[in-house]
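The values are calculated or read from the model by the stated rules, or taken from the named source; none is laboratory data. Note that the coordinates shown come from a computational prediction; the quantities given were computed from them, not determined experimentally. Every residue, glycine as well, gets a Cβ built from its backbone with ideal geometry; the counts of neighbours run over all protein chains shown. Surface accessibility is based on the protein's heavy atoms, side chains included, excluding ligands, DNA and RNA. Shrake-Rupley method; radii C 1.70, N 1.55, O 1.52, S 1.80 Å.
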Amino acid sequence: GCEYMRCDRGGSGLLPSDMKVQIIGMGTVGTFAYRKLYALDVRDFYTHDHWPKRRMYDNDQKTIAQFAREADLVICSALDPLFGAPKLITQQMGEEMKPGSLIIDVAIDEGGNCEFSKPTTQENPVFTLSNGVRVYALPNLPGMVPRSSSPCLSNAALPYILSALELKKARRKISVEIIFMETMKVKKQSAPA
């Protein structure tokens, strides 16, 4: 986001300390984006969560639209675990944003949080709306840094894999015990009296 706010990247030429940032979806991605931008001296934040938490603005369309009009950078990372990425930024909201502002739709892997989002490529990661608003919608962001992201993914997935193996062992043990008990019943029933 900070890179694409530079003039040579088509941005409005703002330093992080001068940006107004809106983050939609305060899960893992939104929280880490907030922390990184705060460390870069961004102090003007508007945060929304799909399931509102304490000290966060409501997630209604009117509030999101109001802050999107003022924002220089909008990070979309809202995700509904059952239904994918909700469409929280409409075409009209995008058209009302300031020219030169940037939307990063991290939720593009799940369909995107913007009605107008479409997956981009590493060669052309940004497309521009008719009013000059730019949209960065590159799917599979971890794929850009595979040597770093692969170990992270492995470390995150390993506990689940081990749990599944333990569950499989437990089921196998229970199955063996049941078979043994059934075999013993059959032997008792067929034994001469």
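Computed values, structure above
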quantity: Helix 61-70 axis, angle to the chain major axis (alpha carbon atoms, nearest 10°); calculated: 50
quantity: Length-normalised contact order for the chain - Cα pairs under 8 Å, 6+ apart - percent; calculated: 15
quantity: Nearest-10 value in Å² for the accessible area of Arg6, using the 1.4 Å probe; calculated: 110
quantity: Per-residue ³J(HN,Hα) for the stretch 139-147, Karplus 6.51 cos²θ - 1.76 cosθ + 1.60, θ = phi - 60°, Hz, x for Gly and Pro; calculated: x, 6, 4, x, x, 6, 10, x, 5
quantity: Largest to smallest accessible area among Lys87, Lys36 [probe 1.4 Å]; calculated: Lys36, Lys87
quantity: Efficiency of FRET between Ser163 and Thr28 - r from beta-carbon atoms, R0 25 angstrom, step 0.05; calculated: 0.80
quantity: Extension gain from Tyr4 to Thr128, taking 0.36 nm per residue of separation minus the Cα-Cα distance; calculated: 43.4 nm
quantity: Average accessible area per residue (Å²) across the stretch 56-97 - probe 1.4 Å, nucleic acids and ligands excluded; calculated: 49
quantity: Residue-level accessible surface for Ile179, protein heavy atoms, 1.4 Å, Å²; calculated: 110
quantity: Under the Karplus curve 6.51 cos²θ - 1.76 cosθ + 1.60, θ = phi - 60°, whole-Hz ³J(HN,Hα) for the stretch 73-80, x wherever Gly or Pro sits; calculated: 9, 10, 10, 9, 9, 6, 9, 9
quantity: The chain, helix-only ellipticity at 222 nm - DSSP H runs n ≥ 4, -39,500 (n - 2.57), divided by all residues, nearest 500; calculated: -13000 deg cm²/dmol
quantity: Dipole moment magnitude, nearest 20 debye, the chain about Cα centre, only Lys, Arg, Asp, Glu C-beta charged; calculated: 1260
quantity: Pairwise Lys count, the chain - Cα closer than 22 Å, eight or more residues apart or different chains; calculated: 15
quantity: Ile104 long-range amide H proximity, modeled H, under 5 Å; calculated: Val74, Ile75, Cys76, Tyr136
quantity: Label selected from (1) 19.9; (2) 16.4; (3) 13.2, the criterion being mean projected area of the Cα convex hull in nm² as computed here; calculated: (2)
